[in-house]
Amino acid sequence: MTPSHPLYKEPAETELVVVGKYRQTGREVKLRTDAAGALLNLMTQARAAGVAITPISGLRTIAYQESLFRKAVAKYGSEDVAVRWVARPEHSEHHTGLVVDLGDEGDPTCDIEPPFEETRAFYWLQANAARFGFELSFPRNNSRGVNYEPWHWRFVGTPEAKQIFQK
């Protein structure tokens, strides 16, 4: 995905649907309509299978991403290290409204942490997310050089969405 892609621009509020609230802050998690519908269906089917998946973060404005990136720079000591964990503003997949960070409702300690890969939610997502149009954005050793993020899933369930994330 490149910032020049037309869907890379932050979507208008009217294009967004609330898919939940982040349990730690109460912040609304919003996605574009097509991704939201797919995610809500995914979460319903997971719950029917006894797995409770919860949304953590969806659309991020450029301003919010800037604040996250600055915090990461302070934490890791440099932009070069921080960018392996947090995208620079205007380069985050979250700006599209097609990406969601997911957690296991029963294990909040794994929210946005590598141990999420050991949860029932992650195992279920690995086996089923593709049926709902989602794929893991940053698997181990990905070509973008971003650290492994088992919680970060992007919607590619429509031709338009898939095109955004093609390299």
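To the nearest 20 debye, what is the magnitude of the charge dipole of segment 45-167 about its Cα centre, counting +1 on the Cβ of each Lys and Arg and -1 on the Cβ of each Asp and Glu?
Values: 14 positive and 16 negative charges, 60 e Å.
Computed about the Cα centre, the dipole is about 280 debye.
Given a 1.4 Å probe and heavy atoms of the protein chains only, how would you sort 73, 100, 83, largest accessible area at the top?
On the way: 73 30, 100 0, 83 50 Å².
Putting 73, 100, 83 in descending order of accessible area: 83, 73, 100.
Based on the Cβ-Cβ distance from residue 118 to residue 91, what FRET efficiency comes out when R0 is 25 Å, to the nearest 0.05? Could you put the intermediate results ahead of the total?
On the way: r = 29 Å, r/R0 = 1.17.
Once the sixth-power term is evaluated, E becomes 0.30.
Using a probe radius of 1.4 Å on heavy atoms only, what accessible surface per residue do you get for segment 29-167? Whole Å² is fine.
Accessible surface, normalised per residue, equals 47 Å².
How large is the helix-only mean residue ellipticity at 222 nm for the chain, computed as the sum of -39500 (n - 2.57) over DSSP H runs with n ≥ 4, divided by its residue count, in deg cm²/dmol to the nearest 500? Write down the numbers at each step before the final one.
Numbers: 5 runs with 50 residues, N = 167.
Roughly -9000 deg cm²/dmol at 222 nm, from the helical runs in the chain.
Explain nothing, just the number: relative contact order of segment 31-156, from Cα pairs under 8 Å at least 6 residues apart, as a whole percent. Intermediate results must be reported in sequence, preceding the final value.
On the way: 191 pairs, mean separation 34.2, N = 126.
Dividing the mean separation by the residue count of segment 31-156 yields 27 percent.
Name the long-range amide H neighbours of residue 29: under 5 Å, sequence gap of 5 or more, or other chain; modelled H, no Pro or chain starts.
The list, which skips near neighbours in sequence, is 19, 20, 21, 22.
Ignoring ligands, DNA and RNA, please state the percent of accessible area on the chain from carbon and sulfur, probe 1.4 Å.
On the way: 4440 of 8380 Å².
After summing per-atom areas, the C and S share lands at 53 percent.
Only sites in a loop by DSSP and with at most 15 other Cβ atoms within 10 Å count here; which GluC sites (Glu not before Pro) in segment 58-130 make the cut?
90
Between residue 70 and residue 24, what is the label-to-label distance in nm when each label sits 7 Å out along the Cα-to-Cβ direction?
2.0 nm
Ignoring everything but the protein chains, give the 1.4 Å probe accessible area of residue 27 in square angstrom, nearest 10.
70 Å²
Have a look at the chain and give its Rg and Dmax from the Cα atoms, expressed in angstrom.
In order Rg, Dmax, the Cα atoms of the chain give 14.9, 44 Å.
The values are calculated or read from the model by the stated rules, or taken from the named source; none is laboratory data. Keep in mind that what you see is a predicted model, and the values were worked out from it rather than measured. All Cβ positions, glycine included, derive from the backbone under ideal geometry; neighbour counts span all protein chains shown. What goes into the accessible areas is simple: the full protein's heavy atoms, side chains included, and nothing from ligands, DNA or RNA. Shrake-Rupley method; radii C 1.70, N 1.55, O 1.52, S 1.80 Å.
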